[in-house]
Amino acid sequence: MNGSDLPVVRLKPKADARALRHGFPWVYADDLVTDRRTRALSPGTVAVLEDAARAPVALVAINPVSKIMARVLDADPAARVDAGWVAARIARAQALRARLYDAPFYRLAHAEGDGLPGVVIDRFGDIAVVQPNAAWAEAHLPALVEALVEVTGVTTVLKNAGGRARALEGLDDLPEVLRGTPPEGPVEVPMNGATYMADLTGGQKTGLYFDQRDNQAFAARLAGNGRVLDVFSHVGGFGLAALAQGAAEALAVDGSAPALALAEAGARASGLGDRLGIRQGDAFEVMTALGQEGARFDLVVCDPPAFAPSKPALDAGLRAYERVARLAAPLVAERGFLVLCSCSHAADLARFRRASLRGIGRAGRAAQLIRTGFAGPDHPQHPMLAESGYLKALAFRL
């Protein structure tokens with residue numbers, strides 16, 4: 001469909017059309033004229049967005065059941081969203097990753113940051129895992145898969161339907177094999193000199209967190225040949241990177257037994273199996289116990305899940321980040337290093353930094369902040385969307 005064939009939705013007079021013309025990618029329900037015709041549009045419908053004076057603004061995807069009722073697909077209201085349009089966006093995204101990485105293991109599409117609103121694609125060699133987290137992507141999934149296969153040459157495409165974002169869009173949580181045959185077991189992922197094991201069908205999110213790659217590489221330098229504590233380790237992200245760069249030993253702590261089993265498998269695949277220990281349990285309880293045991297590490301890394309996934313959870317989330325820092329700081333040896341991470345977009349960098357420093361101070365430690373890290377360049381930020389810059393990693397010398 002081109003613009004002349006499409007339904008039209010209109011901004012209310014109070015809405016800020018200028019921000020949209022300057023690139024802001026979302027239109028909230030409160031800013032749209034939601035008459036009966038607009039509310040009757042099926043989720044994922046492509047429409048032309050007009051301002052209050054009926055001048056075209058952009059091409060958008062509509063979802064009447066979402067608070068983000070319109071997502072900007074193209075600044076050209078006359079654009080045609082079809083397989084060719086999707087293929088061009090994926091090709092542009094892949095060209096960036098090909099410049100950045102030697103092997104095809106990365107986030108291939110980072111939603112609004114790559115001009116594919118709500119669409120996350122992680123690539124694992126010949127396998128791609130797609131999270132269509134917006135109704136338009138679910139509605140156009142066949143075209144998306146065709147374009148993905150055509151541009152990248154992947155032979156298997158898996159759909160991951162977990163996560164809060166799909167629920168907010170009114171979408172189901174049912175995973176699916178969209179193309180090819182799913183892997184029979186965990187997939188080996190080379191990264192930062194180590195081999196990670198990613199469970200693409202039963203693991204968290206798409207199976208592995210590529211966003212921490214650069215932060216893991218930096219932390220590995222801090223570890224030197226010392227002892228490492230990797231808390232909330234998932235499949236051993238920071239610990240395996242440190243071991244691959246020469247750390248003497250690492251202890252991975254996580255509540256998930258399957259994740260720790262994958263960490264152990266990754267250590268064996270990396271030839272590091274005898275240097276990785278695991279401890280399953282609640283991270284707060286394990287850190288408390290380690291403190292009571294008098295354990296000390298040259299590098300402690302805490303990479304928890306999102307404690308503040310939304311604004312209503314912000315205060316409780318900041319208290320949780322402060323508690324993490326308070327329990328972790330005593331475990332750091334004199335002049336050792338502490339890396340604290342947050343993937344909560346609601347907790348901005350300044351708030352997260354203050355909470356971390358409060359916790360370090362309450363533990364009786366003094367700190368130098370030596371680096372502030374973010375997600376890797378395969379997670380490009382949309383410059384007008386703070387949510388796309390969700391990851392923060394603070395490296396301290398204590």
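The values are calculated or read from the model by the stated rules, or taken from the named source; none is laboratory data. Keep in mind that this is a model prediction, so the values were computed, not measured. Here Cβ is always computed from backbone atoms with ideal geometry, including for glycine, and neighbour counts include all displayed protein chains. With ligands, DNA and RNA removed, areas are computed over all heavy atoms of the protein, side chains included. Shrake-Rupley method; radii C 1.70, N 1.55, O 1.52, S 1.80 Å.
Hey, does the range 201-214 have a residue that's over 17 Å from ARG123 (Cα atoms), at pLDDT 95 or above and hydrophobic (A, V, I, L, M, F, W, C)? So far as the range 201-214 goes, no, none of its residues is over 17 Å from ARG123 (Cα atoms), at pLDDT 95 or above and hydrophobic (A, V, I, L, M, F, W, C). Scanning the range 175-206 for residues that are small (Gly, Ala, Ser) and either in contact with a Lys or Arg (Cβ under 9 Å, 6 or more places away or on another chain) or open to solvent by less than 40 Å² (accessible area, probe 1.4 Å) (or both) gives GLY185, ALA194, ALA198, GLY203. If only residues of the range 9-19 that are at pLDDT 95 or above and open to solvent by less than 40 Å² (accessible area, probe 1.4 Å) are counted, the one that is nearest to ALA61 (Cα to Cα) is VAL9. For the subset of the range 310-357 comprising residues that are in contact with a Ser or Thr (Cβ under 8 Å, 6 or more places away or on another chain) and of a type in the set (Phe, Trp, Tyr), which member is farthest from LEU229 (Cα to Cα)? Here the answer is PHE352. Remark: pairs (first residue in the range 61-89, surrounded by fewer than 20 Cβ atoms within 10 Å (Cβ to Cβ); second residue among the polar types (S, T, N, Q); Cβ separation under 7 Å; 6+ apart in sequence or on different chains) = PRO64/THR38; ALA78/ASN2; ARG80/ASN2. The condition (being surrounded by fewer than 19 Cβ atoms within 10 Å (Cβ to Cβ) and on the phi > 0 side of the Ramachandran plot) is satisfied by just one residue among ARG362, ARG335: ARG335. For the range 344-355, enumerate the residues that are within 21 Å of the chain's Cα centre (by Cα) and open to solvent by less than 40 Å² (accessible area, probe 1.4 Å). Result: SER344, ALA346, ALA347, ALA350, PHE352.
Of all residues in the range 207-217, exactly one satisfies the criterion of being surrounded by fewer than 23 Cβ atoms within 10 Å (Cβ to Cβ) and more than 15 Å from LEU391 (Cα to Cα), namely ALA217. For beta carbons closer than 7 Å, sequence separation of 6+ or different chains, a first residue in the range 378-390 that is in contact (Cβ under 8 Å) with a residue 60 or more places away in the chain and open to solvent by less than 60 Å² (accessible area, probe 1.4 Å) and a second that is outside any loop (DSSP other than H, G, I, E, B) and charged (D, E, K, R), the qualifying pairs are ASP378/ARG97; ASP378/ARG107; HIS379/ARG107; HIS379/ASP211; PRO380/ASP114; HIS382/GLU112; LEU385/GLU112; SER388/GLU112. From (1) under 30 Å from ARG10 (Cβ atoms); (2) β-branched (Val, Ile, Thr); (3) modelled with pLDDT of 95 or more, pick out the condition that doesn't hold for VAL65. If we test VAL65 against (1) under 30 Å from ARG10 (Cβ atoms); (2) β-branched (Val, Ile, Thr); (3) modelled with pLDDT of 95 or more, just (3) comes out false. The residues of the range 273-307 that are out of contact with any Phe, Trp or Tyr (no Cβ under 8 Å at 6 or more places or on another chain) and buried (at least 22 other Cβ atoms within 10 Å of the Cβ), listed by number, are LEU276, MET287, LEU290, PHE297.
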